[in-house]
Amino acid sequence: MVFSSLIFICVFLPINLLLYFIVKNQAWKNAILIISSLIFYAWGEPVWVIALLFSSVFDYFNGRNVEKYRGTSKAKFFLILSISGNLLILAAFKYSGFVVENLNSIFNISMNVPRTNLPIGISFYTFQTISYVIDVYRGEVKAQKSMLKLLLFVSLFHQLVAGPIVRYKDIEAEIEDRNISLEGFSEGVNRFIIGLGKKVLIANTAGEIAVIFLGTDYDKLPVTGAWLGILLFAFQIYFDFSGYSDMAIGLGRMFGFTYKENFNHPYIAKSATDFWRRWHISLSTFFRDYVYIPLGGNRRLQARNLLVVWFLTGLWHGASWNFVLWGLYYFVFIAAEKWFLGKFLDKIPVFFSRMYLIIIMLVGWVFFYHTDLSEAFRFIGVMFGNAASFTNSEVSLVFRSNAVFMVMAAIASTPIIKKLFEAVRNYTRSVMGMEKFMDGVLKPVVNIAILVVSIIFLVGQSYNPFLYFRF
């Protein structure tokens, strides 16, 4: 089940909210969330609930044993057991086929691995349970004594299948007790609807246009078609993933949980380093805190540490060399910025540093989109002039037909709309009744309009994937 589906919006969520708020006892609220989360997860392929339950039980006992034997070698043993066990499970599901394919290619053999669908969200909830046990080992949180409460943390449907990666210490208090205010619930509804609009109205539209140029015959693709196609894909993946994160954060607020932000307008970044401080923040901070700093961070062997982190960042996104190359691609720029390029970017006008980021970001998305590396390099060649023509009538027609949409998408990917709303709101504070009108009338009207239009689009659309579900 996905958030941007009619079954979720019109059936699952209303029933879930009704049941949740009917009961007053916290334990019953938790039970409703656990049951509904397992139903949500099992909607597509029920068998993978077993993997989720195993991961939760496995790390429940690992966490308890780490705390029980704190300060001894046994605590370290259970920490290593948690990390290695979780990573082995992830590798078995996600990377076994990739490893066998490469061994077959290198040694000219023909081993076979049965192909199975990847359990949805396994990369996300595996990192969540690993971070929980590590934090218990570090003494940053107490081990959860209730297995059901730990299962609640792992299985919460708000962020289960595509993040953000939520750390136990960030919602530990809310697992025990949650206070839900009308204001907080209203903020959650507002955030959910904004995310839904991003996904349905912008990401899906951008994706439908992008396929006109991506995955086609690149021998006939003009230069401008390549740039237009990858720009549309950049809009698609940003509004798809940030929209999902907005919906997850909004759902959390409705049910009394506060999740950290996962995006901060990454397309206005001034460097690759700045981009990754703004894009998928929960993943980049996970690798920073649990890989980069433990390896030595900036203190020793910085180049090695960066290389490991960006290799793993690429590999986390998928069992394919294009993702590995995508991660290493960013390693090159981030390492260069740390050692010499960053000082230069700080001195030049902001316009040029942002153009630098936009170019390397768009080229990076080429590797992300194409699982076939030869196709990726062919596409990059077209982008930089190795094409049949510079432009053609099809590109001109698509651009003219969608120019307004692309301008709106570009504006929506910046903080302009938010800042404009806040400026108007601040101004209306001096006018009697206007602030209440903004919050009590205008915002609900806008939200209802976005919700209605999104539902209308969903009724008529067949194209509605979430790109990050496959990770």
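Just so you know, all these numbers are worked out from the coordinates, no wet-lab data involved. Keep in mind that this is a model prediction, so the values were computed, not measured. Ideal geometry is used to build each Cβ from the backbone, glycine not excepted, and the neighbour counts take in all protein chains shown.
All other residues whose Cβ lies under 14 angstrom from that of Thr273 are scored, Lys and Arg at +1 and Asp and Glu at -1, for a net of +4.
Over 29 Å between Cα atoms, which of Lys76/Lys338; Lys149/Lys260; Lys94/Lys220; Lys24/Lys149; Lys198/Lys419; Lys270/Lys418 qualify? Among Lys76/Lys338; Lys149/Lys260; Lys94/Lys220; Lys24/Lys149; Lys198/Lys419; Lys270/Lys418, the Cα-Cα distance tops 29 Å for Lys76/Lys338; Lys94/Lys220. Taken along the Cα-to-beta-carbon direction at a fixed 7 Å, the label points for Phe21 and Glu394 span 5.0 nm.
Between segment 339-374 and segment 73-115, the alpha-carbon centres lie 33 Å apart. Taking the number of Cβ atoms within 10 Å of each Cβ as an exposure proxy, the fewest-first ranking of Arg277, Arg138, Arg64 is Arg138, Arg277, Arg64. Using a simple spin-label model with pseudo-atoms 7 Å out from Cα toward Cβ, Val453 and His265 lie 2.1 nm apart. Taking a point 7 Å out from the Cα of Lys347 in the direction of its Cβ, the residues of segment 254-283 whose backbone N falls within less than 20 Å of it are 270-274. Within the straight-line cut-off of under 18 Å between alpha carbons, the aspartates and glutamates reachable from Lys343 are Asp274, sequence neighbours fewer than 8 places apart in one chain being disregarded.
Between the beta carbons of Lys68 and Thr258, assuming R0 = 35 Å, the FRET efficiency works out to 0.70 to the nearest 0.05.
Would you mind classifying segment 171-297 by shape? Square roots of the alpha carbon gyration tensor eigenvalues, ordered a ≥ b ≥ c; an a/c under 1.5 is rounded, otherwise it is prolate if a/b is larger than b/c and oblate if not. Verdict is oblate for segment 171-297. Each residue of segment 227-233 is assigned a 3J(HN,Hα), and the resulting list reads 5, 5, x, 6, 5, 5, 5 Hz, derived from the Karplus form 6.51 cos²θ - 1.76 cosθ + 1.60 (θ = phi - 60°), x at Gly and Pro. Full extension of the segment from Trp43 to Leu295, taken as 0.36 nm per residue of separation minus the current Cα-Cα distance, would add 86.8 nm.
Relative to one another, the C-alpha centroids of segment 126-168 and segment 263-312 are positioned 22 Å apart. Each residue of segment 301-308 was assigned a 3J(HN,Hα) from its phi angle through the Karplus curve 6.51 cos²θ - 1.76 cosθ + 1.60 (θ = phi - 60°); the sequence is 6, 4, 4, 4, 4, 5, 4, 4 Hz, with glycine and proline shown as x. Using the Karplus relation 6.51 cos²θ - 1.76 cosθ + 1.60 with θ = phi - 60°, the per-residue 3J(HN,Hα) values for segment 131-148 come to 5, 4, 5, 4, 5, 5, 4, 6, x, 7, 9, 7, 4, 6, 7, 9, 5, 5 Hz, with x marking Gly and Pro. With semi-axes defined as the square roots of five times the eigenvalues of the C-alpha gyration tensor, the equivalent ellipsoid of the chain measures 35, 32, 23 Å, largest first. Before anything else, pin down the relative contact order of segment 6-178: Cα pairs under 8 Å, at least 6 apart, normalised by residue count, whole percent. Reported as a whole number, the value is 29 percent.
Panel order for Asp274, Asp219, by other beta carbons found within 10 Å of each beta carbon, from fewest to most: Asp219, Asp274.
Taking the Cβ of Ala449 as the centre, find all other residues whose Cβ is under 15 Å away and add up their charges (Lys, Arg: +1; Asp, Glu: -1).
Working: positive: Lys198, Lys443; negative: none.
Overall, the nearby charge balance is +2.
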